Amino acid sequence: MSAESTPEPGIPAAGPQVPGRSGGGRRRRPPRRGRRALLVTAWTAAGVLVLGGTGFGYLYFKLNGNIKSVDINQALGTDRPAKVDNGSENILVLGSDTRSGVNRKLGGGTDDGSARSDTAMIVHVYKGHRKAAVVSVPRDTLIDRPSCKDANGVRHGAATDVMFNSAYSTGGATCAVKTVEAITGVRMDHYLEVDFSGFQKLIDELGGVTVTTTKSIDDPQSHLDLKAGRHSLDGEQALGLVRTRHGVGDGSDLGRIQLQQAFVKALINQAEQVGVFTSPKKLFDLADTATKAVTTDSGLGSVNSLVDFADGLKSIGSKNMRMVTMPVEYDPSNPNRVIVAKAKAEQVWTALKHDRPIPASATKGTATGEAKGVVTSS
């Protein structure tokens with residue numbers, strides 16, 4: 001079965017994560033609350049920021065003051081993959097689930113002062129900015145995490161055989177970027193992050209997102225109960241959908257990725273349909289919410305930069321996006337974890353480096369979830 005999914009994406013779970021391997025046995029559904037935020041919203045968040053081009057001074061400064069940024073380049077220095085100057089761009093999009101403030105109520109669990117990145121997508125925008133490839137990285141992937149400095153300059157040692165999402169909880173955005181670059185050999189040009197509350201508010205500002213479920217989804221852990229059929233999801237329901245893993249399929253993170261990828265396509269379609277780029281009022285409300293919701297690298301840390309960036313994404317609709325999951329296989333010693341299928345993954349990274357389409361052979365025969373087609377765009 002293939003790890004590629006047409007209209008689908010990935011997300012997180014809950015409870016303390018134990019990085020590394022544990023005993024074998026049959027694959028089982030982890031008994032923990034979903035602790036995922038969806039950062040896939042950042043794609044639309046960037047898109048609505050075109051308002052900055054209207055030149056309203058007060059609005060510009062208000063939006064500019066909303067934006068939080070991290071100086072990734074300063075923290076990582078020169079020990080990085082070479083920047084490829086071929087007109088393409090690579091953006092690491094993360095969903096963070098800090099347990100503090102409003103996020104504690106939305107995500108459940110205890111405020112332990114930490115945050116996780118249970119949703120990770122590498123967005124490759126091809127030269128000409130008319131199409132894109134999105135590669136979801138499963139949070140349960142066991143990897144070797146490189147040594148890295150966080151945004152405060154504190155160095156964190158390397159670790160072997162730990163879960164991918166431990167990179168963010170260890171050293172924040174800069175360690176997450178460093179880890180992705182170490183896995184892929186591909187330089188990340190930009191970074192975008194969104195949290196629980198920001199995602200929910202953005203969906204509500206859009207007026208909800210319409211999807212069709214081909215099967216009923218009932219997951220008390222993510223507070224989601226949807227019968228098969230057409231639904232207009234509000235922010236809370238959308239958050240439940242992108243967090244659910246127990247309510248459909250095999251209960252795996254790979255299945256959740258399929259649901260998330262489907263939701264991302266529906267989200268982009270919705271943004272196109274509600275007049276985001278034709279109604280100044282709608283555009284400002286979305287931009288205000290989006291700029292409060294996102295954290296970016298310093299290269300995107302101003303309205304002007306985000307406007308330029310968003311302007312380059314306007315032509316990319318859901319039909320021009322290829323969505324796949326990083327090629328993985330189940331860990332023989334622990335079926336609740338996956339490991340990188342290195343030869344096939346290298347096909348993906350080579351394609352991105354050279355700005356070429358991801359070959360079908362790269363995802364053929366790799367591990368996948370069982371939620372493909374459960375959620376579709378309406």
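The values are calculated or read from the model by the stated rules, or taken from the named source; none is laboratory data. Since this is a predicted model, take the numbers as computed values, not measurements. Every residue, glycine among them, receives a Cβ derived from its backbone with ideal geometry; neighbour counts consider all protein chains shown. With ligands, DNA and RNA removed, areas are computed over all heavy atoms of the protein, side chains included. Shrake-Rupley method; radii C 1.70, N 1.55, O 1.52, S 1.80 Å.
Looking only at residues in the range 351-372 that are open to solvent by less than 30 Å² (accessible area, probe 1.4 Å), in contact with a Ser or Thr (Cβ under 9 Å, 6 or more places away or on another chain) and part of a loop (DSSP other than H, G, I, E, B), which one is farthest from residue 324 (Cα to Cα)? That would be 371. Among the numbered conditions (1) of a type in the set (Gly, Ala, Ser); (2) closer than 25 Å to residue 352 by Cβ; (3) in contact with a Ser or Thr (Cβ under 6 Å, 6 or more places away or on another chain); (4) in contact (Cβ under 8 Å) with a residue 40 or more places away in the chain, the only one that residue 128 does not meet is (3). Please tell me if residue 343 is open to solvent by 10 Å² or more (accessible area, probe 1.4 Å) and not in a strand (DSSP E or B). When the stated conditions are applied, residue 343 passes them.
Restricting attention to the range 139-150, the residues that are buried (at least 17 other Cβ atoms within 10 Å of the Cβ) and over 19 Å from residue 254 (Cβ atoms) total 5. Quick check on residue 187: is it surrounded by 24 or more Cβ atoms within 10 Å (Cβ to Cβ), in contact with a helix residue (DSSP H, G or I) (Cβ under 9 Å, 6 or more places away or on another chain), within 22 Å of residue 323 (Cβ to Cβ) and basic (Lys, Arg)? Taking the combined requirement at face value, the residue does not satisfy it. The residues of the range 65-74 that are modelled with pLDDT under 90 and open to solvent by less than 60 Å² (accessible area, probe 1.4 Å), listed by number, are 66, 67. Residues in the range 206-220 that are open to solvent by 60 Å² or more (accessible area, probe 1.4 Å) and of a type outside the set (Gly, Ala, Ser): 214, 215, 218, 220. Condition check for residue 348 on (1) in a helix (DSSP H, G or I); (2) open to solvent by 20 Å² or more (accessible area, probe 1.4 Å): one failure, at (2).
Just give me the residues in the range 181-223 being at pLDDT 90 or above, more than 30 Å from residue 78 (Cβ to Cβ) and β-branched (Val, Ile, Thr), in sequence order. The answer is 209, 210, 211, 212, 213, 214, 217.
The requirement of being part of a helix (DSSP H, G or I), within 15 Å of the chain's Cα centre (by Cα) and either in contact (Cβ under 8 Å) with a residue 40 or more places away in the chain or surrounded by fewer than 21 Cβ atoms within 10 Å (Cβ to Cβ) (or both) is fulfilled nowhere in the range 322-340; no residue meets it.
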